1. Taking helices (runs of 4 or more DSSP H) that fall entirely within region 143-212, which contain at least 1 residues that are of a type in the set (Asp, Glu)?
2. Confirm whether THR49 is out of contact with any Leu (no Cβ under 6 Å at 6 or more places or on another chain), surrounded by 20 or more Cβ atoms within 10 Å (Cβ to Cβ) and more than 29 Å from LEU262 (Cα to Cα).
3. Residues being surrounded by fewer than 22 Cβ atoms within 10 Å (Cβ to Cβ) and within 18 Å of PHE180 (Cβ to Cβ): count how many of those fall in region 121-146.
4. Could you tell me whether VAL301 is part of a helix (DSSP H, G or I) and either surrounded by 15 or more Cβ atoms within 10 Å (Cβ to Cβ) or in contact with a Ser or Thr (Cβ under 6 Å, 6 or more places away or on another chain) (or both)?
5. Considering only residues that are modelled with pLDDT under 85 and closer than 18 Å to THR74 by Cβ, look in region 147-191 and name the one that is surrounded by the most Cβ atoms within 10 Å (Cβ to Cβ).
6. Determine, yes or no, whether PRO107 is out of contact with any His (no Cβ under 6 Å at 6 or more places or on another chain), outside any helix (DSSP H, G or I), farther than 22 Å from LEU386 by Cβ and in contact (Cβ under 8 Å) with a residue 40 or more places away in the chain.
7. Residues of region 396-416 being surrounded by fewer than 20 Cβ atoms within 10 Å (Cβ to Cβ), over 22 Å from the mean Cα position of the chain (by Cα) and touching a residue at least 12 places away in the same chain (Cβ under 8 Å), which ones?
8. Could you check ARG233 against (1) part of a helix (DSSP H, G or I); (2) more than 25 Å from the chain's Cα centre (by Cα); (3) among the charged types (D, E, K, R) and say which number it fails?
Amino acid sequence: MVALDISETSKALAVAGGYVSVVGLVSYFVKEKLFMSEALIATLIGIATGPIALNWFNPLGWSADPNRLTHEITRVIIAIQVLFTGIALPAAYVRKEWKSLATLLGPVMTIGWFISGLLIWGLIPGLTFLESLVIGSCVTPTDPVLANSICKGRFAEKHVPLHVRNIILAESGANDGLGFPFLFIGLYLILIHEASHPWHTVGGAVGEWVYNIVLYQVVLSCIIGAIVGYVARKVLKFARRKQLIDHESFLSFGVALTFVTLGIVGIIGSDDILCCFVVGNSFTWDDWFRLETEEHDFQDVIDQLLNSAIFLYIGAILPWSDFNDFGITPWRLVILGILVMLIRRLPWIVLLSRWIPSLCTMYESLFAGFFGPIGVGAVFYVQVALDVLPDDGSRQHLRDTILPVVYFLVLTSVVVHGITIPIGKGFQRARTSTLTKTKTSDSKLQSSANGGGHVSRLPPPVVLGGSREDDAVITERGEGTIRFDESSTRPGTPDHEPRNISTRSSRANLRSGNVGKQVRRVFDDDEDDTRADTMEMGDLGIRNDSGQSKGHRDPDGYERETMADRMRGETWREGDDLVIESQDGEIRQVIRGRRGA
């Protein structure tokens, strides 16, 4: 008789491998036609095949301590994702966007933590406000795994500007490690009432939080991460220059760097998640590694496998029976989920958007405010809290409720953000308007000649590129008006009255030199002709914030950059505005449309 080995490991491998294989066969249709996220599909399959339904595999039976197992799995997954996030960001991104990140990681994150705790305190019975803040801290960080699924793929590339994707990824990578201060301030204030705790005063708890969490966990991990990333970059460049490393090892270096960082920082007890993000940033500070590997899909493959595995796991371990226990009722959880999705961060990002230069229009602020997903990071912080909370029964209600509340919010976020990615087509008002080549009809020319003039909206989108005859002409006069001429004629031929739209200064803080000269958007295939047109149109002097520039400089230190160079990349229409970004997602100019005219 054949002996079957129906172990939990075999069943888990069959489910995970079957999911990746079967869903992979229709992945293009699912992701590019239905616009469903991998996380949502994997979670639903995990629920269906887990103990609540088919019971094909049960991760809770893999270990005598399932919480510890979940803690280690999520820790590794998040560490890899945040390091990949750091690598994927453009050169010196944290320095360039420090103001946006400071606002998102400071006031926005703090307000989100407080609001989440307040909602939990009001809707979940039996919890003190401090206990509610502990639970709220678990869902305060945005999730890098879910953020990756939102910010990658053809839908994101087509409908979400690169600078918005970059800031969402950077925020999710950084704040996943910065969740520790929010979690532990609540835990320390709770633990001062425990007999075993060395401090029994608020001052003692705050002091311990400062030196143990802020300094040792956060500051030290940032210092270690910067050093490790810098050394790794120099060593890898040396090995590549001396031809000591092969192609496969070069591509997998980032994954190896994650494990080294996790091991070293984990041994000394500092914040290994935040350290991994800093390592990724420091490692690609000069953009060398990112540019060397951007043609390869190695990291994307790892991302997909990790996303599938972790959300299958989460779907299978959801505590369904606890959703209606410990004084919790489903209707309370549903209301809590809706309110957290709506007011945890969206209103505050909109209100503070003036201090977030990376979000330069209302549509971008609304998008970034809504897409602050709760996912793997929240599951990780639940396990951290359970490790710290006493299990002697003194905080039993908190231990009982933290798991179902956080897991339900994770499920809510996966579903809501998974199905609203196609609704993100509402963000089509921020769709690519890649300045299209337009050949105006005779009737349109006649209409423009007879009655064209000021309009209260931007002209139709024009695609960047095309022949010289089809180029859109942009005239910049003075400081308050930008004039768009959609004529297909070249300069010197009879033209018609161009449209006018008002504009305000760009948030990119670009200081221009020879303002008032005619500049023309050119993307000709013939480089010589483009150069000739550039000289004919005049130059714009632009100085980078760092005082450095990549182009020619005049004696005053200004970079001589043409409008063609300035607009190279993507142009996005967002309502009445145009946002011009570089190929790396840096905001070059924001052209404001006139409202209500």
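The values are calculated or read from the model by the stated rules, or taken from the named source; none is laboratory data. Since the structure is predicted, the reported quantities are computational estimates derived from the model, not experimental observations. Counting neighbours? That spans all protein chains shown, and the Cβs are built from the backbone with ideal geometry, glycine included.
1. 154-159, 162-177, 202-208
2. In short, yes.
3. 1
4. no
5. For region 147-191, the residue satisfying everything is ASN148.
6. In short, no.
7. HIS397, ARG399, ASP400
8. For ARG233, the exception is condition (2).
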